[in-house]
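Everything below concerns the one structure shown next.
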Amino acid sequence: MKIGIIGAGHIGGNLAQQLISRGHDVSIANSRGPQTLSEVAERTGATPVDIVDAPREADLVIISIPVRAVPELPPGLLTTTRPGAPVIDTGNYYPQRDGQIAAIDAGQPSSAWVSEQVGRPVVKVFNNIYSSELISRVQEPGTPGRRALPVAGDDEASMRVVLELVDELGFDAVDVGGLDESWRFEPGAPAYGPDVDSVKLVQMLNEATR
Ligand SMILES: NC(=O)c1ccc[n+]([C@@H]2O[C@H](COP(=O)([O-])OP(=O)(O)OC[C@H]3O[C@@H](n4cnc5c(N)ncnc54)[C@H](OP(=O)(O)O)[C@@H]3O)[C@@H](O)[C@H]2O)c1
């Protein structure tokens, strides 16, 4: 797939590396411009681009920036993707980093808020794993105890693509349902961050209380 990553930090960079190693064509952007991304390009093989060019003609877009920065993204940024391209949000809302965001404080799952900001359905995934584990915990399908990652989103076609991608990147994928269920793996929930297989993860998702 042609994949555009917005955010070239811990998660964006490591996802770029893993996607390239599986043969995808990856462009990557940050807020400061491609001239600042030579180290990331060398390490991952991704092509540094201006932010407006990352989603252009992409089959899939990954947004991996601090939640507070999402409203600062250029207006209409995602209008140039291939039609219906899934958009992944890896974000977690941390008020101490992001400042207070009233809608999320009032109970809106952060990815539902991000979806409103960018004007596209988003799929929440890769938010509950340390960036280094995206590389160190990769396991083949069928490996006993293979680590599972929760995935939530409202667009069925996008969900299908992303569930498959999670498996391709070395993890079992657990379909948690729509974004209104994504609070079950946000910071503070039992299913936020544990290194567990799919059986245990489902149990932890069900144990969450709002
Ligand atoms: N670190 C983890 O292990 C981890 C795990 C799971 C989820 N997450 C979540 O994933 C998201 C990204 O985390 P991270 O740790 O990868 O962050 P990070 O290392 O701090 O990197 C953030 C990236 O976002 C870019 N960025 C910031 N504002 C931007 C804007 N307005 N337009 C374009 N790019 C912008 C930054 O580019 P510049 O430097 O040029 O500003 C940088 O490349 C966060 O929501 C975080 O909570 C992180």
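Nothing in this text is a laboratory measurement; each read-out follows from the coordinates by a stated rule. Since we're looking at a predicted model, the values are computed, not measured. All Cβ positions, even for glycine, are placed from backbone atoms using ideal geometry, and neighbour counts span all protein chains on display.
Annotations for the structure displayed:
- Legend: ranking of residues I5, I20 from fewest to most surrounding C-beta atoms inside 10 Å; resulting order I20, I5.
- Calculated P(r) tail over 26 Å for region 90-210, as whole % of Cα pairs: 17 percent
- Using the Cα coordinates of region 1-136, the gyration tensor eigenvalues translate into equivalent-ellipsoid semi-axes of 23, 17, 14 Å, sorted from longest to shortest.
- Taking 0.36 nm per residue of separation and subtracting the Cα-Cα distance, full extension of the segment from V202 to R97 would add 34.9 nm.
- When T209, T143, T90, T44 are sorted by how many other C-beta atoms sit within 10 angstrom of their C-beta, beginning with the fewest, the order is T209, T143, T44, T90.
- Helix-derived mean residue ellipticity, 222 nm - over the chain, DSSP H n ≥ 4, -39500 (n - 2.57), to 500: -8000 deg cm²/dmol
- Sequence of V114, V176 once ranked by neighbouring C-beta atoms within 10 Å, starting from the fewest: V176, V114
- Dipole magnitude for the chain: about 300 debye, using +1 per Lys or Arg Cβ and -1 per Asp or Glu Cβ, origin at the Cα centre.
- With coordinates expressed along the principal axes, the C-alpha atoms belonging to region 13-55 extend over 27, 21, 12 Å, beginning with the largest.
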